[in-house]
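Working notes, structure below.
The values are calculated or read from the model by the stated rules, or taken from the named source; none is laboratory data. Only a predicted model underlies this, so the values are computations on that prediction, with no experimental measurement involved. No Cβ is skipped: glycine too gets one built from the backbone with ideal geometry, and neighbour counts run over all protein chains shown. Ligands, DNA and RNA are stripped out before the accessible areas are found, and what is left, the full protein with its side chains, is counted by its heavy atoms. Shrake-Rupley method; radii C 1.70, N 1.55, O 1.52, S 1.80 Å.
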Amino acid sequence: MDGIRYVVQELFDTEKDYVKDLSLIINGYMEYMKENPLPEDMEGKDKIIFGNIYQIYDWHKETMLTELEKCLTNPGRVGSIFIRYERRLYMYVKYCENKPKSEYIVSEYLDTYFEEVRQKLGHRLMLPDMLIKPVQRIVRYQLLLKDILKYTEKADEDPTELKKALRVMRIVPKAANDMMQVGRLSGFNDTLLVAEVTSAGQQKFKERRVFLFEQIIIFSEMIERKKGNFSNATYIFKNSLKVNKMSLSDTVDGEPLKFQLTDRTPGSDVKLIIQANSEENKVSWIKQIRSILDMQGDFLRALQSPIAYQKELTKEL
C-alpha cells in the first residue's frame, strides 16, 4: 500500500504544480493582454492563442485538485475520478485541435511582443513552453495510473476500476493527439448530418463535423468566426463513440444516404443516424468504419486466442 500512497501523493503534488503553471498563463499573459493594448495586427487572434485553457484551469483548480486531495487518505478512489469525469476531459481534445493555430500565431510574435510581455511578467519560461503544459499533463496521467495499477495488483486489491480509468486515459490523449494532427492539416473537411435516436423518437438532423480515428469517432459542432481576413474555426464537442464498443448498420429504413452507429457499452442506448451528402461519400465512410472495426476485431481475437489467431493468419498467408 505504501507504493500506492507514494504515487497518489505524486499525482496530487504534480496536479498542484500544473494548476500553478496554468495560473501563470491566466493571471499573467491573459490578464496583461486584456488590460493593455494589443499590436494592431493581433486583434482577434488573442482568443485563438489560448484556446479553452481557462476552462481547463478552472476545472482542475475547482474540481480535480479537490478530488485528488481526497485520494491522499483514500487512494482507492483514484480510478473512479477518471471514469466519472471522462466526458469533461474531452476539453483537452478541443485544446489540442486549436493548438497548431495557436502555435502559428505565437511564432509570429514570439521574439517581439511575447518576449517583451515575458520580461515584464518576470517569467522564466517562454509562452510556447507554457502552452504545451496541458498536452504534457494529459499524457502523464496514464503513466501515473499505470504505476498505481501495478501496486494495486501486487497488493491483491481489485484492479477493475483502475483498468477502466487507464483505458479512458489512453483514449483521451490519443484522441487529443489525433485532433492536433487534424488541426495541422489544411482542407480536412467532412461535415455530415447526424441525428440521435432517443426513446421518444428521432431528433432532427444537425450538421456535425465528424472525425474518425482508430479508437474513437468524435462528433462536433463547427463554429466559424471571421475577423478581417482571418478565419478561425472552433469545434465544440457534442458526442463520441468508442470504436471497440460500436456497431454499424449500413442501411436505415431503405434510405440510400443514411447509416447508423450504435453504442454497445452496457447501459448505453445511444444510436446515431448519419446522413452522407452523396452515395459515394456514404460508401467511403462505411468502408473506413468497417476497416477500423475489422482491425479492432482482429486485435480482440489476437488477445483472446493468440495461438488460433496465429494459425488463421498463417493459413491466409
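Table for the structure above
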read-out: Ellipticity estimate at 222 nm from DSSP helix runs (n ≥ 4, -39,500 (n - 2.57)) divided over the chain, nearest 500; value: -17000 deg cm²/dmol
read-out: Hydrodynamic radius by Kirkwood, which averages 1/r over all alpha carbon pairs of the stretch 48-141, in angstrom; value: 15.1 Å
read-out: Point-charge dipole on Cβ atoms (K/R +1, D/E -1) for the chain, about Cα centre, debye to 20; value: 500 debye
read-out: Cα-based Rg / Dmax (Å) for the stretch 1-117; value: 17.5, 58
read-out: Global size of the chain as Cα Rg and Dmax, reported in angstrom; value: 22.4, 70
read-out: Surface share of carbon and sulfur [accessible, 1.4 angstrom probe, percent] for the chain; value: 48 percent
read-out: Relative contact order (%) - criterion: Cα under 8 Å, at least six apart; region: the chain; value: 14 percent
read-out: Estimated vicinal HN-Hα couplings, Hz - the stretch 265-277 in sequence order (Karplus 6.51, -1.76, 1.60; Gly, Pro = x); value: 4, x, x, 9, 10, 6, 10, 10, 9, 10, 10, 7, 8
read-out: Probe 1.4 Å, accessible area per residue of the stretch 1-132, Å²; value: 49 Å²
read-out: HN-Hα J in Hz across the stretch 105-112 - Karplus 6.51, -1.76, 1.60, θ = phi - 60°, x for Gly and Pro; value: 5, 4, 4, 5, 10, 4, 7, 10
read-out: Dipole axis of the chain (+1 Lys, Arg; -1 Asp, Glu on Cβ), positive-most option in Val270, Tyr90, Thr66; value: Val270
read-out: Along principal axes, Cα extents of the stretch 74-210, largest first, whole Å; value: 55, 48, 22
read-out: Signed unit charges on C-beta, dipole axis of the chain, positive-most listed residue His123, Val283, Pro39; value: Val283
read-out: Debye intensity ratio in log₁₀ form over the Cα atoms of the stretch 241-297, taken at each q of 0.16, 0.24, 0.27 Å⁻¹; value: -0.48, -0.97, -1.12
read-out: Hits among aspartates and glutamates - C-alpha to C-alpha of Lys282 under 17 Å, sequence gap 8 or more where chains match; value: Asp190, Glu207, Asp250, Asp253, Glu255
read-out: Packing-based order for 161-171, 73-83, using average beta carbon neighbours within 10 Å, highest first; value: 161-171, 73-83
read-out: Candidates Gly28, Gly122, Gly44: whichever shows maximal mean-square fluctuation once the chain is modelled as a Gaussian network with Cα springs under 10 Å; value: Gly122
